[in-house]
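Visitor: Sharing a structure here in structure tokens format.
The values are calculated or read from the model by the stated rules, or taken from the named source; none is laboratory data. No experiment lies behind these values; they were computed from the predicted model shown. Glycine gets a Cβ as well: all are built from the backbone with ideal geometry, and neighbour counts include every protein chain shown. Just the protein is used for accessible areas: all its heavy atoms, side chains included, with ligands, DNA and RNA removed. Shrake-Rupley method; radii C 1.70, N 1.55, O 1.52, S 1.80 Å.
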Amino acid sequence: MLDRYWESTAGSAGARAPRPWTTSTARLRSLNGRWRFRLSPTPAGTGPGFERDGYDDAAWDLIRVPAHWVLEDITVPWADEPRVSAPRLDGTGPLYTNTAFPFPIDPPRVPTENPTGDYRLEFELPADEVADRREGATVLRFQGVDSCAAVWLNGVELGWFTGSRLPVEFAVGHLLRAGRNVLAVRVHRWSAGSYLEDQDMWWLPGLFRDVELIERPVDAVDDFNIVADYDHTTGVGRLRVDADRPGMVEIPELGVRAATGETIAVPEVDPWSAERPRLYRGTLTAGGERIDLVVGFRTVTIDGGRLLVNGSPILFRGVNRHEHDEHRGRSLDRETMVRDIELMKRANINAVRTSHYPPHPEFLRLCDEYGLWVVEECDLETHGFIYAAWEGNPPAEPVWRDALHDRIRRMVQRDKNSPSVVVWSMANESWTGDTFRELRQWIRDADPGRPVLYERDPSYADSDFHSLMYPSLEDLERIGRREEPTPEGVEPGSTDDVRRRGLPFLLVEYAHAMGNGPGSLVDYQRILEAHERFCGGFVWEWIDHGFAARDAAGRPFTAHGGDIAFRPNGGRYCLDGVLFSDRTPSPAYFELAAAIAPVALEPDAASGTVRIVNKHDFADLSALVFGWRLDVDGLPIAEGPIDVPAVGPRSGVQIVLDDVPPVEAADGEVWLTVTAALADATDWAPRGHEVAVGQARWETVGSAPASAGPAARSEEVGDPVRPEPVFDPLTGALGSLFGVGIAGPTVDVWRAPTENDRGQGSSNTMAADGKAVGLDRFTHRTDARATVGPTTVVRGRSGPATQTLAVLWEQTWTVGDARIDLTADFAFTGRWSDTPHGHYDVTPPRLGLRLALPGGYDRVEWFGRGPGESYVDSMAAARIGRFAASIDSFQVPYPVPEENGNHVETRWLRILGPGLPTLRIAATDPEISLFDFTARRWTSEALENARHPHDLSDSGSVWLNLDVRQQGLGSSSCGPALPERYRVPSEPATLRLTFTAER
Ligand code: IPT
């Protein structure tokens, strides 16, 4: 073995040439299961000799393969507590860094403190499995080992390799024995390969993907290449299978029987697309083996600055997917992969970028089958060199050429026959270097049928796409018009500049879904759909990478980087998915589904029609059924189907809704909801699964009311309770209303900062700016209180110590028999912009009133947007209707506690609790203004200070916020500033509310 092979830039030694992944008649024996395992603190491992036949490993741990050892219950001999349940949080278990290398930058050297796991497996082979003892007869395959391994079989050294998320194979036919065999693998946590694997994710060593033995004829095909083009002008498919051995290609369904290398024209073939993933199955028989062929006919081209498949432009409605499981890390089973795909398809997602490495090959097979466009990314990211000012960056250093070529080759070779893969991405965040040019050239030669993406090089000279991460809406617009400013370092008007402007644009990452958010998904989608240049985008990201852990008291919680005793530390940055770590969809998942829905439904009351736009690229609307429903004050009064013709892709139709009955506007607020749902069950969702929803106010023309009378009747009104407000003589605040103990209302301008409020480093830090001027510590002063007849006016000023900024407020209460009306006026005073702290122009995250109610209240009903949370820039998934929820179920358990559970555009809400009068709070005139509300059992302060959800406990009161407005969510945790229009303007505002109660 090469001395210090783990620090070699050669990439690997002893391995077979990479070949396509496939299934075949060759016998496959899984070596997954229980292995012996011993962890050591240095690359020396357990020392020489562990690979030997008679080596005594009886005292070693047992570990399952595949798995990451840091997520298994194993012994860490040098830890303070050698055995604790995984995941260990003491720095000897999983480690998380975003961009930083967790070791000194001195490529290709790594520390001697390099945890090394020795694995041993003894396995029996029956005599018939080792009949052919020639070297090539059996292949030992590792689908993924993190980060560097050396391998011995029956005491004989096979070689070593790096490239964690890439397969590697060794020829072992000559070494296998009938009966007992011993496989020994030494895995190092850190290696030269680690310098190429600095993705923003957990460092998770081990044999984490399958280990397999494949018994194959020595003359079997190694390399084969399926060319399956589709000519959209003639409908003819062209099929050719090239192989490194002559063989016979058969696709019975197409009547194809041809030799390898022969080109066959197949008339009237059904092309493959993500929307209609038509596959033809067949075989390649050669060298004594029958290989399964899975053929999808499609042609990917770039023409006129647009990405086309089968001649049609396509739009990726995509997500960035890391492999993650809250218990098993990147060691995913097939069920989890299927679950991901089902969840994606149900959310209208049609594309995946395999950020930032090739996934388990089974995932791509599933994408072929279920239909998802794939941008497959190589396992290459050198982000941490940013801390060396990119000096020594591997793509720019010839010494790393072999290792980089090796990675690209292993990816392309493994997956080139997968129809779902339509774009190769060479790397993520690896700046620039000459080797990219070579890699790009190699891919073009090896696979001319797929374009190549590389986002980070500002020249885009080696990319077939222009691409960026996290642009603002304005910047994206400019890009759409091909009017983007020339990137820094590129000469305006130069060849690169002109070429880039002519390229299609692929939005490789946007909408950072960290914590509560992102906002603006609808805004981004509108722009992406508006310009021909765009082939869509990929939300960052699919799933939170948190681990299921327990605290000292045994309470379960989701662990993130910040919970690990290790520096450097990427903290909570690993929690930025639209699914929580356990794959529960977060509100962002539903918002995304609504924002990217492939059908737009736009009812219009004035014309009594609905406009239906089919945004699919290939499919007509025949797979969907459509219906309408008419609601008055959130209660359905009539519904029916809509007959929709099979509207073709990228076109629309206007349909007159004859059956919708007229309703008197006086009866209440009338809304028409139109839905599109699956007509039949698919392999990813049941029949009736809702794909798109559209709503509009339906103010009625017409005459005879067909409605069910006044809406209030359906609220189960009890006996009205008299208001009997009791005001505190000094503060003017309420102490009691309707006989219920109440505290407040006080002016509130703060919310528990969301991850996006916190921004990133020093930019867009709205939360920090707000705190710097004390928005989170207002003190309140009452200046006047006067009662004249039924009217009480209270006036005051609320603002923070050290500042002049404040809110001047006036609350006018008017008591009626069974109601009390409140007009709450707010005006901004003092320095809100250009504050003494420097440059801050602060706007408050919310503006409104906060009340404490008795803790016995436990339920809320409301008419407004729901059922999920909504914010001004994230409300596509929340429809207008009537909803009910318990206060506890209202809370969205973001793994880092923060503002959540808001509801915009509320008309009224009722708060209920056993034995308590039901309080009803309504917008006094909903045609003029609506309000936002949140309700929770703890204060915003408690929410802000909690580190994990289980730190929150019932305060004994229900805290109700009634807001003129809350600011939007944005995605500033990695992205642009919150757009101005989603902030709370520092302008005078009024909240008009009517309170009633009943028993
Ligand atoms: C970008 C990375 O590509 C991705 O891996 C992730 O870290 C994301 O940001 C943030 O969560 S890189 C960033 C510097 C724009």
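Visitor: State the antiparallel share, in %, of DSSP beta bridges confined to the chain, rounding to the nearest 5.
Guide: 90
Visitor: Then there is this: Could you give me the ³J(HN,Hα) list for segment 306-316, computed from phi with Karplus coefficients 6.51, -1.76, 1.60 and θ = phi - 60°, whole Hz, x at Gly and Pro?
Guide: Each residue of segment 306-316 in turn: 10, 8, 10, 10, 6, x, 10, x, 10, 10, 6 Hz.
Visitor: How much accessible surface does residue 135 have with a 1.4 Å probe, in Å² rounded to 10?
Guide: 110
Visitor: Same structure again: Roll a 1.4 Å probe over the protein heavy atoms and report the accessible area of residue 526 in Å², nearest 10.
Guide: 150
Visitor: Okay, next question. List the aspartates and glutamates whose Cα sits under 16 Å from the Cα of residue 771, skipping any in the same chain fewer than 8 residues away.
Guide: 748, 755, 757, 834, 841, 898, 899, 941, 944
Visitor: Hey, another quick one. Just check segment 833-973 against the gyration tensor rule for me: Cα atoms, a ≥ b ≥ c as the square roots of the eigenvalues, rounded for a/c under 1.5, and otherwise prolate or oblate depending on whether a/b exceeds b/c.
Guide: It comes out oblate by the Cα gyration axes.
Visitor: Limiting things to C-alpha atoms, what are the Rg and the maximum Cα-Cα separation (Dmax) for segment 62-151, in angstroms?
Guide: Rg and Dmax of segment 62-151, Cα atoms, are 17.9, 51 Å.
Visitor: Also, I was wondering about something else. Quick query: amide H of residue 16 versus all other amide H atoms, modeled in the peptide plane; which residues come in under 5 Å with a sequence gap of 5 or more or a different chain?
Guide: Hits under the 5 Å cutoff: 169, 170, 171.
Visitor: Please compute the Cα-Cα pair-distance distribution of segment 390-484 with 5 Å bins starting at 0, giving whole percents from short to long.
Guide: For segment 390-484, the binned pair fractions read 2, 13, 22, 21, 18, 12, 9, 4, 0 percent.
Visitor: Further question: Given a 1.4 Å probe, how much area per residue of the chain is accessible, in Å²?
Guide: 36
Visitor: Something else now. So if I take the alpha carbon set of segment 108-227, get Rg, then get Rh from the Kirkwood formula, what is the Rg over Rh ratio?
Guide: Reported Rg/Rh, Kirkwood definition of Rh: 1.02.
Visitor: Skipping prolines and chain starts, which residues have an amide H placed within reach, meaning under 5 Å, of the one on residue 742, given they are 5 or more residues away or on another chain?
Guide: Distant-sequence amide H within range of residue 742: 736, 737.
Visitor: As a test question: what accessible area, to the nearest 10 Å², does residue 819 have when a 1.4 Å probe is rolled over all protein chains in place?
Guide: For residue 819, the solvent-accessible surface is approximately 110 Å².
Visitor: Could you calculate, for segment 612-689, the ratio of the Cα radius of gyration to the Kirkwood radius, expressed as Rg to Rh?
Guide: 1.05
Visitor: Same structure, new question: Would you compute the Debye intensity of segment 916-999 from its alpha-carbon atoms alone, equal scatterers and no solvent, and pass along log10 I(q)/I(0) at q = 0.12, 0.15 Å⁻¹ to two decimals?
Guide: Taking Cα atoms of segment 916-999 as identical point scatterers yields -0.56, -0.83.
Visitor: Calculate one ³J(HN,Hα) per residue across segment 681-690 by plugging θ = phi - 60° into the Karplus curve 6.51 cos²θ - 1.76 cosθ + 1.60, and present them in order as whole Hz with x for glycine and proline.
Guide: Taking θ as phi minus 60°, the curve returns 5, 10, 6, 10, 7, x, 4, x, 4, 7 Hz for segment 681-690.
Visitor: Further question on the same structure: For segment 253-410, what class follows from the C-alpha gyration tensor (a ≥ b ≥ c being the square roots of its eigenvalues): rounded when a/c is under 1.5, otherwise prolate if a/b is larger than b/c, else oblate?
Guide: Cα axes put segment 253-410 in the prolate bin.
Visitor: For segment 534-592, what is the Kirkwood estimate of the hydrodynamic radius, computed as the reciprocal of the mean inverse distance between distinct Cα atoms, to one decimal in Å?
Guide: 12.8
Visitor: Calculate what fraction, in whole %, of the accessible area of segment 390-521 sits on carbon and sulfur atoms when a 1.4 Å probe is rolled over the protein chains.
Guide: Carbon and sulfur together cover 47 percent of it.
Visitor: For 119, 370, what's the largest-to-smallest order of accessible area, 1.4 Å probe?
Guide: 370, 119
Visitor: Rounded to whole Hz and in sequence order, give me ³J(HN,Hα) for segment 743-753 from the Karplus expression 6.51 cos²θ - 1.76 cosθ + 1.60, θ = phi - 60°, writing x for Gly and Pro.
Guide: Calculated HN-Hα couplings, in order: 10, x, x, 10, 5, 10, 10, 10, 10, 4, x Hz.
Visitor: Please state, to two decimals, what the Cα-based radius of gyration of segment 583-639 comes to when divided by 2.2 N^0.38 Å (N = residues).
Guide: The value comes to 1.42.
Visitor: Where does the charge balance sit around residue 231 when Lys and Arg score +1, Asp and Glu -1, over other residues with C-beta under 12 Å from its C-beta?
Guide: Result for the local shell: 0.
Visitor: Straight-line reach from residue 345: which lysines fall under 22 Å, measuring Cα to Cα and dropping same-chain residues less than 8 apart?
Guide: 615
Visitor: If you roll a 1.4 Å probe over segment 606-702 with all protein chains in place, what percent of the accessible area is carbon or sulfur?
Guide: With neighbouring chains kept in place, the figure for segment 606-702 is 52 percent.
Visitor: I would also like to ask the following. May I ask you to give the average projected area over all directions of the convex hull of the Cα atoms of segment 326-484, in nm² rounded to one decimal?
Guide: 11.1
Visitor: Here's something else I'd like to know. Give the long-range amide H neighbours of residue 924: residues separated by 5 or more places, or on another chain, with amide H under 5 Å away, using H modelled in the peptide plane at 1.01 Å from N.
Guide: 992, 993, 994
Visitor: To continue, here is another question. Rank these by accessible area, largest first, 1.4 Å probe: 152, 400.
Guide: Listed by decreasing accessible area, they come as 152, 400.
Visitor: Can you sort 416, 771, 615 by 1.4 Å-probe accessible area, starting with the largest?
Guide: 771, 615, 416
Visitor: Round to a whole number: what % of the accessible area of segment 727-774 belongs to carbon and sulfur, probe 1.4 Å?
Guide: On segment 727-774, the fraction of accessible area on carbon and sulfur atoms equals 56 percent.
Visitor: Against the empirical 2.2 N^0.38 Å scaling, what ratio does the C-alpha Rg of the chain come to?
Guide: 1.04
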